[in-house]
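Visitor: Mind having a look at this structure? Questions to follow.
The values are calculated or read from the model by the stated rules, or taken from the named source; none is laboratory data. Owing to the predicted nature of the structure, the values given are computational and were not obtained by experimental measurement. Here the Cβ is made from the backbone with ideal geometry for all residues, glycine too, and neighbour counts use every protein chain on show.
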């Protein structure tokens, strides 16, 4: 991490926090902070990514504005997270995409969706695009299976590679997890981090909920994130099962309403829709004080994109045996492709950085 | 909107834990309640905002307290710190009631930390608020609002109209506008007067300009003074306050916990003239931190300097301000604004007097000086390893002891010993009844919660009749 204004501000904040320590029950950030007396930029990058933005510490803080110390960790940590996404982005020239990320992701989503639509219209005759297709292989009559696999597969693999390289750099620069109490061995810390990530333990304010919108505790942010995350995972599982059906069993989509891929996808799609809608709502009604307003665009863009992917998928299911299927399919796949393309250069990377930070925190304790 | 023309059942003056506990309890008892808080909303809660824990009696381990802490041990602890300046009846009643204080606060939405190691090793006796006192206040205020307690911020009470022991009305300044509010009962929970430097100046002269007030600047003592002037019985020595040693670079008000410094036992402490003045190693820090405020207040310029070397740095919590470091004792003295020759001589004499021993920072290790006045009786090690570290220290005032006398039903008493008809008190304004001297960690919040609940119950009962 480079020395920046946000890094200097976070250091000033943490020097106050480390002399106070009232928040040590809230989340993993404070026990990690207590292991340190000094805060080099790389450690601040790690601590910032460990912060889940629950805001418990902000509302509990006797030094929050208007106190002259003006402590506001959630805000400054959000800014440092953004800086870490920029600094470790791969390939580096793409780091620029994190500036005005809301606009970038929105425009990319719109463009890619439009391109898929136009492409489909160019390559297919209107009868095919607007025709009614039923039975095995109906989708592929509109967009050939090979094209789908090639586009989605290549962008997704690239996204995974780009994120993996970024995380590897982040991990290495932050000292490879060998913190003050750095232990060898990865097994246990890894398990612990998986557990913490899957339960969002640190989004619980010490087990009692976050400050979702104001000084009162609630668990809606955590539950909505669960809905979105597990919804996404169910959709991902649906795709994998469908791939197995296709190649392993020789069965072509669309599958029946009560088939495994459709059930997984439907439940997942509903989860994602509920989760994304709720998280957008919390951002709208939430207290703007512990938030970095500059970064809100990126959050909204990513949530809306996920919402579009989920909703268009559900609509596709509803209209798949009508003449609207062709266009809906193109729109849905357009958003899916946009998600894959934007993945390594959007707020979605927070999951990977946070997971790395959780592993490191588990190794330190 | 709050209707100030209405006759409230209960007026609560103040906005800290003692006030809000009273307000919630009175409301639960069916009374209409108006809270008058001097501070703006963002700075509400008096000194409770800076607190961290509450001392609670318990018979068996709870979710947040280990082992047991029974009445007699609690009473012994109190007796020791107060040197007998307490009221056994009120104190034991408070101690017994502290057992129920914790579940009450939990019902108000206050969250506690699972029993904790480290800090002052208080996990047996004290329950720690998750997030500290401000998080506690947020929960209690939210509960009060949900119950329908009316709250006015930016509202200073100027005067309580007391006639024949009957509080008729209070004059307030609400956002700068004078108003009068009437009520059937009044609960005074407005704290001490440590935020009022001019009042303290009466006893301490211009030395107060060098005092740091650790907590809220809104503890002006206006209601306290007003009541005492109307024949309410006084308790506690007006000249006395609880003071600790703080980093001298602390803001004048509201610096809270982060300005405290634990370096004294592992340092030597010199005054403006570079001279030592007290045994830095007399006892473990949790038992001694509270005397150092007064010791420094008695030094010229009300300032002192803690000086140690590299060996001591890992032994104490960092203060929020950076240590002043130097390659030699003389250079350090210069950076601290002291006479290098004087400090060098003091360190030289001290080093020469240090006796060999096996140093152990976790107990009274007996590492001492020989033939030095004053001696250092524990943790005495030579100061000879660069970098040399210094911190300037000032007295930090936590609270004042002066208060109004109350009975065990939290009713304020008049000079003639008769209870007032409808005036109650809770918190720092009456803590002197039980804590006439010294301090027991977490006991202020205990008194506030216990008496807040009693005052709330009694006021609601009185208003109903």
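Visitor: For region A:18-39, how many residues meet the condition of being under 25 Å from residue B:262 (Cβ atoms) and part of a loop (DSSP other than H, G, I, E, B)?
Guide: Of the residues in region A:18-39, 11 are under 25 Å from residue B:262 (Cβ atoms) and part of a loop (DSSP other than H, G, I, E, B).
Visitor: Moving on. Which residues, counting only those in region B:269-290, are in a strand (DSSP E or B) and buried (at least 24 other Cβ atoms within 10 Å of the Cβ)?
Guide: The answer is B:269, B:270.
Visitor: Does residue A:80 satisfy the criteria of being free of Cβ contacts under 8 Å to residues at least 60 places away in the same chain and either within 14 Å of another protein chain (Cβ to nearest Cβ) or not in a loop (DSSP other than H, G, I, E, B) (or both)?
Guide: no
Visitor: For region B:148-167, give me the residue count where each residue is surrounded by 15 or more Cβ atoms within 10 Å (Cβ to Cβ) and either more than 22 Å from residue B:40 (Cβ to Cβ) or outside the structural domain of residue B:221 (by TED's automatic domain parsing) (or both).
Guide: Adding up the residues that qualify gives 5.
Visitor: For region B:333-353, indicate whether the set of residues that are surrounded by fewer than 22 Cβ atoms within 10 Å (Cβ to Cβ), within 30 Å of residue B:16 (Cα to Cα), in contact (Cβ under 8 Å) with a residue 40 or more places away in the chain and not assigned by TED's automatic domain parsing to the domain that holds residue B:431 is non-empty.
Guide: no
Residue-wise test of (1) more than 16 Å from the chain's Cα centre (by Cα); (2) part of a helix (DSSP H, G or I); (3) under 24 Å from residue A:141 (Cα atoms).
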| position | (1), (2), (3) |
| --- | --- |
| A:268 | no, yes, no |
| A:272 | no, yes, no |
| A:284 | yes, yes, no |
| A:301 | no, yes, no |
| A:316 | yes, yes, yes |
| A:328 | yes, yes, yes |
| A:358 | no, yes, no |
| A:362 | yes, yes, no |
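Visitor: Only residues in region B:127-141 that are more than 8 Å from chain A (Cβ to nearest Cβ) and touching a residue at least 12 places away in the same chain (Cβ under 8 Å) count as the first member; pair them with residues that are surrounded by fewer than 24 Cβ atoms within 10 Å (Cβ to Cβ) and part of a helix (DSSP H, G or I), Cβ under 6 angstrom, at least 6 apart or cross-chain, and list the lot.
Guide: B:127/B:102
Visitor: Also, I was wondering about something else. Which residues, taken from region B:418-465, are in a loop (DSSP other than H, G, I, E, B), over 17 Å from residue B:242 (Cα atoms) and modelled with pLDDT under 95?
Guide: B:465 - this is the single residue of region B:418-465 that is in a loop (DSSP other than H, G, I, E, B), over 17 Å from residue B:242 (Cα atoms) and modelled with pLDDT under 95.
Visitor: Inside region B:51-82, can you point out the residues that are in a helix (DSSP H, G or I) and touching a helix residue (DSSP H, G or I) at 6+ places or on another chain (Cβ under 8 Å)?
Guide: Just the residues of region B:51-82 that are in a helix (DSSP H, G or I), to begin with: B:71-82.
Within region B:51-82, B:71, B:74, B:75, B:78 meet the criteria.
Visitor: What is the number of the single condition among (1) away from chain A (no Cβ under 14 Å); (2) outside any loop (DSSP other than H, G, I, E, B); (3) touching a strand residue (DSSP E or B) at 6+ places or on another chain (Cβ under 9 Å) that residue B:103 does not meet?
Guide: With respect to (1) away from chain A (no Cβ under 14 Å); (2) outside any loop (DSSP other than H, G, I, E, B); (3) touching a strand residue (DSSP E or B) at 6+ places or on another chain (Cβ under 9 Å), residue B:103 is out only on (3).
Visitor: Output the residues belonging to region A:224-267 that are closer than 29 Å to residue A:53 by Cβ and in contact (Cβ under 8 Å) with a residue 40 or more places away in the chain.
Guide: A:224, A:225, A:226, A:227, A:228, A:229, A:230, A:231, A:232, A:235
Visitor: With the structure loaded, tell me whether residue B:29 is over 21 Å from residue B:106 (Cβ atoms) and in the same structural domain as residue B:434 (by TED's automatic domain parsing) or whether it fails that test. I'd like the intermediate steps shown before the answer.
Guide: Details: over 21 Å from residue B:106 (Cβ atoms): no; in the same structural domain as residue B:434 (by TED's automatic domain parsing): yes.
Here the answer is no, as residue B:29 does not meet what is asked.
Visitor: Only one of (1) more than 14 Å from chain A (Cβ to nearest Cβ); (2) assigned to a helix (DSSP H, G or I) fails for residue B:258. Which number is that?
Guide: Here residue B:258 clears every test but (1).
For (1) within 14 Å of chain A (Cβ to nearest Cβ); (2) closer than 30 Å to residue B:309 by Cβ; (3) in contact (Cβ under 8 Å) with a residue 12 or more places away in the chain, each residue gets a yes or a no:
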position: B:190; (1), (2), (3): no, no, yes
position: B:206; (1), (2), (3): no, no, no
position: B:213; (1), (2), (3): yes, no, yes
position: B:226; (1), (2), (3): no, no, yes
position: B:229; (1), (2), (3): no, no, no
position: B:270; (1), (2), (3): no, yes, yes
position: B:279; (1), (2), (3): no, yes, yes
position: B:287; (1), (2), (3): no, yes, no
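Visitor: Now a separate question. Could we say that residue A:49 is assigned by TED's automatic domain parsing to the domain that holds residue A:82 and surrounded by fewer than 24 Cβ atoms within 10 Å (Cβ to Cβ) here?
Guide: Criteria not met by residue A:49.
Visitor: Next question. Just give me the residues in region A:53-77 being away from chain B (no Cβ under 14 Å) and either modelled with pLDDT of 95 or more or in a helix (DSSP H, G or I) (or both), in sequence order.
Guide: The answer is A:75, A:76, A:77.
Visitor: Now for a different question. Take region B:362-406 and flag every residue that is modelled with pLDDT under 95 and under 16 Å from residue B:343 (Cβ atoms).
Guide: Hit for region B:362-406 is B:386, nothing else.
Visitor: If only one of A:48, A:28, A:19, A:41 is in contact with a helix residue (DSSP H, G or I) (Cβ under 7 Å, 6 or more places away or on another chain) and facing chain B (nearest Cβ under 9 Å), which one is it?
Guide: A:19
Visitor: Which residues, taken from region A:195-209, are farther than 21 Å from residue B:64 by Cβ and either within 14 Å of chain B (Cβ to nearest Cβ) or without any contact (Cβ under 8 Å) to a residue 60 or more places away in the chain (or both)?
Guide: Matches in region A:195-209: A:195, A:198, A:199.
Visitor: Can you spot a residue in region B:415-423 that is touching a helix residue (DSSP H, G or I) at 6+ places or on another chain (Cβ under 9 Å) and either over 30 Å from residue B:25 (Cβ atoms) or outside the structural domain of residue B:221 (by TED's automatic domain parsing) (or both)?
Guide: Within region B:415-423, not a single residue is touching a helix residue (DSSP H, G or I) at 6+ places or on another chain (Cβ under 9 Å) and either over 30 Å from residue B:25 (Cβ atoms) or outside the structural domain of residue B:221 (by TED's automatic domain parsing) (or both).
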